[in-house]
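Notes to accompany the following structure.
The values are calculated or read from the model by the stated rules, or taken from the named source; none is laboratory data. As the structure is a computational prediction, the values presented were derived from the model and not from experiment. Cβ sites come from the backbone with ideal geometry, for glycine too, and all protein chains shown count toward neighbours. Ligands, DNA and RNA are excluded from the accessible area calculation, which covers all protein heavy atoms including side chains. Shrake-Rupley method; radii C 1.70, N 1.55, O 1.52, S 1.80 Å.
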Protein chains: 2
Amino acid sequence: MGVTSKQPTTRSRKSPEEVRSAVHQAVIDLLSASGGAELTIPAIAQHAGVNHTSVYRRWGSREALLADVVTTRLERDWPLDDTGTLRGDLIAWVRAGVASIRTTEGRLLVRAVALSMPSGPDAQADRAQHFRRRLHAVERIRERATARGETPPPLESILDQLVAPLYLRAIFGIEPPASGYPELLVDRLLDSTGAPGTD
Amino acid sequence: MGVTSKQPTTRSRKSPEEVRSAVHQAVIDLLSASGGAELTIPAIAQHAGVNHTSVYRRWGSREALLADVVTTRLERDWPLDDTGTLRGDLIAWVRAGVASIRTTEGRLLVRAVALSMPSGPDAQADRAQHFRRRLHAVERIRERATARGETPPPLESILDQLVAPLYLRAIFGIEPPASGYPELLVDRLLDSTGAPGTD
DNA sequence: CATCGTAAGCACAGATGTTTGCTTAGTGGC
DNA sequence: GCCACTAAGCAAACATCTGTGCTTACGATG
């Protein structure tokens, strides 16, 4: 072969960082393509151009790998803005979530959260902590509101009225209303707790 | 052996009905025991005392089997009462749901609904129909209310405010509030749609 | 009572996923 | 520049899942 400049073709081996990145991307790709059905470790490894033993040794199980990818991506793609008011923060957060689950990738990531959830009857603690992590943004918003002198709705209410609708729609692939959905959910939440007229 | 009365030990083979029943029970058992991790067809078949080929031929795939079990059980365990009023019907339905997801089995069944959901990007239609089936009860409640002259909240609102919280809690194993939860959810729903004060 | 169709069981084969021992490239400390 | 450490790659064994051809019990029908 008349190739004079040998580029780093000698790279017969990927660095740990490259492996991590390639595997993560492969998970995303396969998730988007087949929706999780074909999401097996050998398939992921092959798609990533990595030996499957590397994946087994690094992550141990499909569940752990999924959890890693999901955590990384969701924290990157579902940012937390500071708009100066409780209502604004909540709307911004829901809006980001809606945007996220409008994409196939986003939907499947959220779905993968459920899939990668520890499910045994004894894994209650694990599961709670796992889920807690997903609620980090919500807790931050509540803290900021309190610091400003606003009184945020209890976590349970936010769970039921903001988080739950988003997750349900993501998991079951139900399209959110075309417009005004974040405002609808947030105002419903704030009205129901701000104006208790039933006790 | 001094056994005089030979009970149907000659039953070397289970009837189709027995197979179905044993397999269903095995799915429930394994679901409750290991939470779905070990839920493989050979394991299910062995636990049911049935040849695994019978399961493969009858159901074809784990996904289909799960869907069958879930449908059967949920329709049996999550009944639909007629209380005479919209609010009563909704509360009764939510209450049954809450009771259901308080048990490990119920929680895992609901979770299995999500797990058995077709997930490919092209399975949108499948998914919608699948989910529709889960909403049958809600639609019946709405129809009855309409027939009585009441105006039920739109399906979307019920989805967001009743169905979503139940599913979220089931899937992630979050305990519902100890008391008054059904009433809380339903009244919140009816207030927010019944007394629109924002337009 | 004879016959037929259905579906369960059995044995076995092929594909796929999981794990281990070993070698070796890459990286940082001395 | 030498050495030790970490983690990737490779090959092969191992376990498990998936699917097929065949036989045969069971129930229905006449």
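Take residue A:135, project a point 7 Å from its Cα along the Cβ direction, then tell me which residues of the range B:72-107 have their backbone nitrogen under 20 Å from it.
Within reach of a label on residue A:135: B:98-99, B:101-104, B:107.
Given label points at 7 Å from Cα along Cα→Cβ, what nm distances, shortest first, separate residue A:143 from the same residue in every other copy?
In nanometres, ordered from closest: 5.1.
Counting only other chains, and only Cβ atoms inside 10 Å, what mean value do you get across the residues of A:109-116? Please list the in-between numbers first.
Details: counts 0, 0, 4, 1, 2, 8, 6, 0.
Counting Cβ atoms of other protein chains within 10 Å of each residue's Cβ and averaging gives 3.
Provide a whole-number value for the mean count of partner chain Cβ atoms within 10 Å of the Cβ atoms in peptide A:156-169.
On the way: counts 6, 3, 0, 6, 15, 7, 2, 4, 14, 9, 3, 6, 11, 3.
The shielding value for this peptide is 6.
Find the chain B residue whose Cβ sits closest to the rotation axis that carries B onto A, and give that distance in whole Å.
Looking at chain B's Cβ atoms against the axis toward A, the nearest is B:164, 2.
Say R0 is 30 Å: what FRET efficiency, to the nearest 0.05, do residue A:81 and residue A:40 get from their beta-carbon distance? Could the numbers behind the result be given before it?
Numbers: r = 37 Å, r/R0 = 1.25.
Efficiency at R0 = 30 Å is approximately 0.20.
Between residue A:125 and the same site in the other copies, what are the distances in nm, shortest first, taking label points 7 Å from Cα along the C-beta direction?
4.9
Roughly how many Å is it from the Cα centre of the range B:92-130 to that of the range B:34-71, as a whole number?
Answer, in whole Å: 18.
At a probe of 1.4 Å, how much accessible area disappears from chains B and A on forming the pair, both sides counted, to the nearest 100 Å²? Before the final figure, lay out each step's value.
On the way: alone 11580 and 11610 Å², together 20090 Å².
That pair of chains buries around 3100 Å² in total.
Looking at the P(r) of the range B:77-194, how many percent of alpha-carbon pairs lie beyond 23 Å? Spell out each step's value before the answer.
Numbers: 2105 of 6903 pairs.
Cα-Cα pairs in the range B:77-194 separated by more than 23 Å: 30 percent.
Apply the Karplus curve 6.51 cos²θ - 1.76 cosθ + 1.60, θ = phi - 60°, to the phi angles in the range A:128-140 and return the couplings in whole Hz, x for Gly and Pro.
So the Karplus estimates, Gly and Pro as x, are 4, 5, 4, 6, 3, 4, 6, 9, 3, 4, 4, 5, 4 Hz.
For a test of the definition: using alpha carbon positions, the gyration tensor, and the 1.5 limit on a/c, classify chain B as rounded, prolate or oblate.
prolate
Among B:168, B:53, B:119, pick out the residue whose Cα is farthest towards the positive end of the charge dipole of chain B, where Lys and Arg carry +1 and Asp and Glu carry -1 on C-beta, about the Cα centre.
About the Cα centre, the residue reaching furthest to the positive side is B:53.
Explain nothing, just the number: dipole magnitude of the range B:4-139 about its Cα centre with +1 on each Lys and Arg Cβ and -1 on each Asp and Glu Cβ, in debye rounded to the nearest 20. Numbers along the way, then the final one.
Details: 19 positive and 15 negative charges, 76 e Å.
Its charge dipole is roughly 360 debye.
P(r) for the range A:15-60, please, calculated from all Cα pair distances in 5 Å bins and given in %.
5, 27, 35, 22, 9, 2
For the ranges A:86-95, B:106-115, B:34-43, what's the packing order if you count other beta-carbon atoms within 10 Å of each residue, average per peptide, and put the highest first?
Ranking the peptides A:86-95, B:106-115, B:34-43 by packing returns B:106-115, A:86-95, B:34-43.
How well do other chains shield peptide A:170-181, expressed as the mean number of their Cβ atoms within 10 Å of each residue Cβ?
Numbers: counts 0, 11, 12, 11, 7, 2, 2, 2, 0, 0, 0, 2.
Average per residue, whole number: 4.
Which value, in debye to the nearest 20, describes the size of the charge dipole of the range A:70-194 about its Cα centre when Lys and Arg Cβ atoms bear +1, Asp and Glu Cβ atoms bear -1, and nothing else is charged? It would help to have the intermediate numbers written out before the result.
Working: 17 positive and 17 negative charges, 57 e Å.
The calculation lands at about 280 debye.
Which distances, shortest first and in nm, link residue B:85 to the matching position in the other copies, using label points set 7 Å out along Cα to C-beta?
3.6
I need the peptides B:25-32, A:137-144, B:161-168 ranked by packing, meaning the mean over residues of other C-beta atoms within 10 angstrom, with the highest value on top. If you can, show how the numbers build up before the last one.
Details: B:25-32: 19.6, A:137-144: 17.1, B:161-168: 24.4.
Per-residue Cβ counts within 10 Å, averaged per peptide and sorted highest first, yield B:161-168, B:25-32, A:137-144.
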